[in-house]
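A short write-up of the structure that comes next.
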Amino acid sequence: MRLADPLALWLLVLAVAAVAGGWWGGRGRRRGVGVAGLALVASELPATWRTRARAALGGLRLLTLATLIVALARPQSVATAERVSSSGIDIVLALDTSGSMRAEDFQPDNRLTVAKRVIRDFIRQRQADRIGLVVFAGTSFTQCPLTLDYPMLDTLLAQVDFDLLEDGTAIGTAIANGVNRLADSHAKSRILILLTDGENNAGPIDPMTGANLAKARGVRIYTIAVGKEGVVRMGVPTPLGLRYPQVESHIDEAVLKQIAEATGGRAFRADAPDTLAEVFATIDQLEKSEVAVKQYHRYGELFPWPLAATLLLVLGEIVLRAGPLAVVG
């Protein structure tokens, strides 16, 4: 609530001061009465409820004046609404689920588990961007089209696992699939985040053909090479459970860098969980949506309530003075 004309409350201060001055002046005049006999008679008259009530009418009149002044100050209710407008970004995440993502150099989890966790945190930080998810190994498919339904996207991300596709690393096919997801987008910015730990060895489309397609469609690609080079521990499922052979890990960073540069994006390297989180934080800062918030205020007039109270008090005083508190001559 607010007051449209708060300066009117000064009238209340002046009214209180005037009443207080009149009261003190009345006391002075009563002290100056020279006829002792009249004062003695007045002091000996018994006080009745009428005399007490008439004395209280001065307070009633002050309350009436106070409600009138509050009405003049125009109290108002305030309803605030916000209108949010944004220039959203369309983002497709292309996630490698090939067998090499089982490598456990991101202890205590494998590369895919850590990548899913970091991607989930990235999604939760977005506000007005449509996000889609493409997974790939030897081939590629769309796990989730572009959407603002982040809880649904989170559920579909949780379902991503190994062995959904034939093994391999079809980077070019994954890029083409992600670009096709963005083909009908009218967003100001369209980006593809490609996360892989290998080199292209499958699929009919080579990585640079996919990059050129992205460039022609105005799609910017950020590539993330995950994992460590060299010999790594790999968790391989067998009928007797997991075994952990040592395998050679190689990432074609040169091609990933060429893909990013061809489309105006950036190439990153993440060899630890913390580094991967930092990469996504950097992309989050590079690709921020422009969100504008405008507030609207609507005011409702409340002065009729104190004004109605004023009228009721005036009417009440008239009724009292004409009825129970009338002076009998």
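General observations
- Taking θ as phi - 60° and the Karplus parameters 6.51, -1.76 and 1.60, the scalar couplings of the range 120-130 work out to 4, 5, 4, 4, 5, 8, 7, 10, 10, 10, 7 Hz in sequence order, x denoting glycine and proline.
- Phi to ³J(HN,Hα) by Karplus 6.51 cos²θ - 1.76 cosθ + 1.60 over the range 221-228, Hz, x for Gly, Pro: 10, 9, 9, 10, 8, 10, x, 9
- Using all pairs of distinct alpha-carbon atoms, the Kirkwood hydrodynamic radius of the range 89-153 works out to 12.6 angstrom.
- For the range 166-183 versus the range 86-154, the gap between their alpha-carbon centres in whole angstrom: 14 Å
- Neighbour counts of other Cβ atoms within 10 Å put Met1, Met234, Met101, Met208 in the fewest-to-most order Met1, Met208, Met234, Met101.
- The lysines within cross-link reach of Lys215, meaning a Cα-to-Cα straight distance under 28 Å and a gap of 8 or more places when in the same chain, are Lys116, Lys188, Lys257, Lys288.
- Percent of C-alpha pairs per 10 Å bin, the range 161-279, short to long: 13, 39, 33, 12, 3, 0
- Amide H contacts of Leu133 (H built 1.01 Å from N, under 5 Å, at least 5 apart or other chain): Leu93, Gln143, Cys144
Read the figures in this text as sums done on the coordinates, not as results from a lab. Predicted, not measured: the structure shown is a model, and the values here were computed from it. Cβ sites come from the backbone with ideal geometry, for glycine too, and all protein chains shown count toward neighbours.
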